[in-house]
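Okay, so here's the structure we're looking at.
The values are calculated or read from the model by the stated rules, or taken from the named source; none is laboratory data. Quick caveat: nothing in here was measured; it's all calculated off a predicted structure. Neighbour counts are summed over all protein chains in view; Cβ atoms, including those assigned to glycine, are modelled from backbone coordinates with ideal geometry.
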Amino acid sequence: MNEHQHKSALSESQSNNSSGNVSAESAQRIRDSRRNKSSEKSLLKDLLEGNKTALGRSITLVESNQLKHKEMAEAIVEGALPHAKKSIRVGITGVPGVGKSTFIESFGSYLIEQGKKVAVLAVDPSSSVSHGSILGDKTRMEKLVTQKNAFIRPSPSGDSLGGVARKTRESILLCEAAGFDVILIETVGVGQSETTVHSMTDFFLLLKLAGAGDELQGIKRGIVEMADAIVINKADGDNQKAAREARLEFKRALQLYPPKPSEWKPQVQLISALYEKGISEVWEMITEFKSSTYKNGHFEHNRQEQNKFWLFQSINDHLKSQFYNDPKVKIELEKQLRLIEENKTTAFTAARALLKLS
């Protein structure tokens with residue numbers, strides 16, 4: 001080592017000492033932080049340029065439970081937010097077997113032919129036993145998945161209430177920032193998935209089957225009341241007569257509901273997703289809805305109300321996570337569970353004891 005190098009090394013050593021002897025661990029954290037920020041900027045830049053690989057990686061970060069991934073995901077979502085206002089968000093729900101994937105395949109392909117960029121966020125059911133999911137939407141949408149202007153992201157629903165993936169809302173924002181004009185959110189179609197998807201979309205589309213015996217059940221469950229359109233699928237072949245009768249029945253049912261705040265009158269349409277019949281009419285209806293609600297101010301008002309709802313939802317999720325991860329709560333929870341098993345306390349008394357710890 002020459003004299004110059006020796007002085008340089010000595011100067012660096014003195015600098016480290018004067019700053020309080022920065023530990024190797026602290027230095028590594030600083031390097032990791034700088035590396036993450038550089039990675040965030042690069043990923044966000046690619047995302048805003050419409051890179052589908054960057055979009056997929058960003059959604060993976062959003063869905064991750066790791067702390068370092070959460071921090072990166074938050075930074076990317078914040079950076080994407082100003083660019084996430086130009087799409088139409090369409091929720092699609094219906095019972096299993098109604099043909100949601102077939103409809104999305106036909107509908108998405110039609111939209112791409114019209115020059116649109118289409119993102120599909122398909123929520124796959126997770127097993128309550130193994131917690132695994134099939135993630136088979138890409139195999140069911142063989143034509144759409146090959147399209148340059150299509151992005152299909154199957155996500156496991158996990159234990160998310162409502163059957164919608166835990167981070168679906170953030171994924172919607174990322175898709176919009178990546179330049180997708182139409183975001184289609186397919187739900188599991190069970191439990192409260194309809195309510196959840198309704199709270200994050202502009203247009204809510206309910207797929208039905210004629211002659212399946214669930215017309216009145218659907219009305220009882222209140223799903224019809226939320227729907228902006230009822231689309232009866234498989235209206236082809238011998239099923240056409242039953243489909244027309246179902247359309248008439250739903251039209252009568254819709255007249256019983258009070259007017260919507262959007263001033264939109266829900267429509268009932270017949271389609272055959274398999275034979276791609278009635279698909280263009282569905283898009284014309286959604287376009288008409290967007291134009292109408294833009295004019296009367298409901299479109300923007302609805303999005304603002306949804307943002308407020310998700311603020312409170314996020315706070316609730318955070319508080320719940322914070323509560324159950326508290327070491328004192330974990331210990332006391334085990335104790336209270338044993339007392340309940342031994343019939344020495346009630347669930348309400350146990351809950352009060354736990355809440356006093358937070």
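Among residues of segment 233-244 that are more than 21 Å from Ser280 (Cα to Cα), those with a Cβ under 9 angstrom from a residue that is of a type outside the set (A, V, I, L, M), sequence gap 6+ or separate chain, pair up as Ala242/Gly211. For the residues Lys328, Lys277, the requirement of being under 30 Å from Asn233 (Cβ atoms) and charged (D, E, K, R) singles out Lys277. The lone criterion from (1) aliphatic (A, V, I, L, M); (2) at pLDDT 50 or above; (3) farther than 23 Å from Gly99 by Cβ; (4) surrounded by fewer than 18 Cβ atoms within 10 Å (Cβ to Cβ) left unmet by Val145 is number (3). If you take the residues of segment 232-265 that are small (Gly, Ala, Ser) and assigned to a helix (DSSP H, G or I), which of them is farthest from His298 (Cα to Cα)? Only one residue tops the list, namely Gly237.
If you take the residues in segment 76-127 that are touching a helix residue (DSSP H, G or I) at 6+ places or on another chain (Cβ under 6 Å) and of a type in the set (S, T, N, Q), which one is farthest from Leu61 (Cα to Cα)? Taking the candidates together, the pick is Ser106.
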